[in-house]
Amino acid sequence: MAETQRALLAARISVDTDESTSIPRQLEHLQTWAQGLGHETAGVVEDRSVSGSVDLPERPSMGPWLTEEGREKWDVLAVTTQDRLSRDDLHFMAFVKNVLDWGKTLVVLDDPSFDISTETGRLIAYAKATQAAAELRKIRQRVSDARDYLRRNGLYAGGITPFGYVYTDSPDGRHYVLVPETKYAKLLKEISERVRSGVSTNQIARELNAKGVLTWRDYLRVLRGKDSKRRNGSALTVPKGTNWSPQVVQRILKNPACAGFLAYQGEPYEDDQGNLVMATEYPILTHAEWQATVAAVVSRGQSNIRRTNQASLLTGVARCGNCGSRIFCHRLKKTLATGEVKVYRHYSCTARSKGMPCAAPARIPEDLLNEIFEGVLSDRLGELPEVVKVTEPGEDHTAELDQVTSRLFRLERDYENGRYDDPEKEESYWRMHGNLTRKTKELKAKPVRPAVTRYVETGLTWAQKWGGMRTEERRDFLTSQDVRVYVWKSAILNLGHGAVVFLGDLQELALAAGLQADSVEGWSLHGWNVPAHWTNPRLRDFPSRVTDTSVVPEIIDQLHQKLLSAPESV
């Protein structure tokens, strides 16, 4: 009678769907085998959607069983077929050596002659492993060729469905093509327009989450649930509840598929003639709209403000006037004698907490500093009408021309390096060279029409718009415009708290806020409980008018220099 052993039963499948029965069938055969020999089942390995080219220790389910701790739990590893172990001959033989070194055994159910304990058995196993590896290379080549054919012909090659599109049967009924999905195509156009008008992707992501709008992948799961032809079980039809994020919005907008271009590795795909291949006949955005959207996303960059659950308006905006360090809002809870719990919120200099010197660290109640700042902002911008920037994209083929020119340059460089010395290849070279040259001339001949921007009033004032913004949205705007608030523990003798608000160029600030900026000019610098000559550059020219002769802080002096060097300073 065979010796009873602890058996590890391993099943693997390269592409798993809810309809697939491969894993259950493999495990059924393995369990029948183990029970027939009286082996104890030490564990079950189920590596789903794992390629046979992945090394065994790197597989999610198999890996833990091959660690030093995991190997102590089994004696024999059983699979139904050898290629379930590996389709890479080098990985397979390395694993065989490890199994022998560990004093373990391998069993392949469909091959009773499989035996790695002898040289002949290992030789036969290696021969079968090389056959599996060769078949894997053929499969990969076939898949690669098929995908390349589909890309060159503007057909859907599978993978992640681009935002706003769904696939449907091609005219010949043999392949798939992309067409806009009505609801999310409209959403994409709205997001694009808002980004081009200056709205941040942070704000857009927050609004989409607040409205409960499903992310694209979640929405696709819902669509699959409604389409019996593409429904693959409940796991693919139930939304996961994933939230929108600024990065997700940016990634969507940067995808060439927005403008209907076929994307490959994140870039527009070109054919042999240097033409951009279209993935659909019905692009959601025009090429010019997409380019303008990408430029708007890139121009905003990334905010370096630390996000907290309890947002404070001036985090990242306020600075300590004494040392220049950032000021953050600190919250302190105190229990009063009456048992009431009171929360005190103060903006405080962070220099000392970071081991930096500050002789007089600023500290001011949050509500007070917010009130001072919003009073200044409302006084200068509050009654200005809000406007929406509407951009009508122009026509500019510069990007496409650059791509064709670069491709022509690469082609000529390859020709000089001898890659087209063969007569047949040279004929191909001249054909591609002619096509690219012709394409270059066509693009250069096309007109260049600048985009037209108009500003349309919404009927709201800046005060009304500001009142409807969330704290995070207000802070995003202020930090993007480099607005600053400097705070002193005491700027005037025997008078606590002092602040200087710097709004920068008011016209630029108003334009960025989406306001009609014609009525404001110059720079804006306002003081609260600070000497008058700190915020009024003209008083520095008339010392006799200054009652408080305190030295202007270096930070404020730098702002003065900026104001004085501006074309129109106030």
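Our coupling estimate for the stretch 478-492, obtained by passing each phi through the Karplus curve with A = 6.51, B = -1.76, C = 1.60 and θ = phi - 60°, is 5, 5, 5, 9, 6, 5, 10, 10, 9, 10, 10, 4, 7, 8, 10 Hz, Gly and Pro reported as x.
Legend: Rg and Dmax of the stretch 397-447, from Cα coordinates, 12.1, 40 Å.
For SER53, the residues whose modelled amide H falls within less than 5 Å of its own, excluding neighbours fewer than 5 places apart on the same chain, are ARG87.
As a ratio to 2.2 N^0.38 Å, the alpha-carbon radius of gyration for the stretch 392-521 is 2.03.
Under the simplified labelling scheme, the SER519-ARG363 pair shows an inter-label distance of 4.3 nm, with each label point 7 Å from Cα along Cα→Cβ.
Taking amide hydrogens as placed 1.01 Å from N in the peptide plane, the amide H of THR350 sits under 5 Å from those of ARG326, PHE328, each at least 5 positions away in sequence or on another chain.
Under Stokes-Einstein, with the Kirkwood radius over Cα pairs as Rh, the value for the stretch 27-76 at 37 °C and 0.692 mPa s is 271 µm²/s. Using the average count of surrounding beta-carbon atoms within 10 Å as a protection proxy, the listed peptides 369-380, 350-361 rank, highest first, as 369-380, 350-361. Just to check, using Stokes-Einstein with a Kirkwood Rh over alpha carbon pairs, what's the diffusion coefficient of the stretch 6-139 at 4 °C and 1.567 mPa s in µm²/s? It comes out at roughly 86 µm²/s. Given the stretch 365-437 reduced to its alpha-carbon atoms as identical point scatterers, what log10 I(q)/I(0) does the Debye formula return at q = 0.18, 0.19, 0.26 Å⁻¹? Scattering profile of the stretch 365-437, log10 relative to I(0): -0.83, -0.86, -1.13. Packing, as the average of other Cβ atoms within 10 Å across residues, places the peptides 434-445, 465-476, 313-324 in the order 313-324, 465-476, 434-445, highest first. Coupling constants for the stretch 281-298 follow from the phi torsions by the Karplus curve (6.51 cos²θ - 1.76 cosθ + 1.60, θ = phi - 60°), and in residue order they are 7, 10, x, 6, 10, 6, 4, 5, 5, 5, 4, 5, 5, 4, 4, 5, 5, 5 Hz; glycine and proline get x.
Paramagnetic label reach from LYS444 (point 7 Å along Cα→Cβ; backbone nitrogen cut-off under 20 Å): within the stretch 396-433, residues 396-413, 430-433.
Label sites at ASP557 and ALA295, each approximated as a point 7 angstrom past Cα along Cα to Cβ, lie 4.2 nm apart.
For ASP101 and THR81, what is the calculated FRET efficiency with R₀ set at 25 Å and r taken between the beta-carbons, to the nearest 0.05?
Details: r = 24 Å, r/R0 = 0.96.
For ASP101 and THR81, the calculated efficiency is 0.55.
Residues whose amide H falls under 5 Å from that of TYR165, counting only those 5 or more places apart or on a different chain, are GLU181, with hydrogens built in the peptide plane. As a calculated quantity, the FRET efficiency between THR471 and ARG217 at R0 = 25 Å, using C-beta atoms, amounts to about 0.25. Of the peptides 516-527, 74-85, 113-124, 192-203, the order by per-residue mean of other Cβ atoms within 10 Å, starting with the highest, comes out as 74-85, 192-203, 516-527, 113-124.
Every number here is computed from the coordinates shown, using simple stated rules; none is lab data. These numbers come from a predicted model, not from an experiment. All Cβ positions, even for glycine, are placed from backbone atoms using ideal geometry, and neighbour counts span all protein chains on display.
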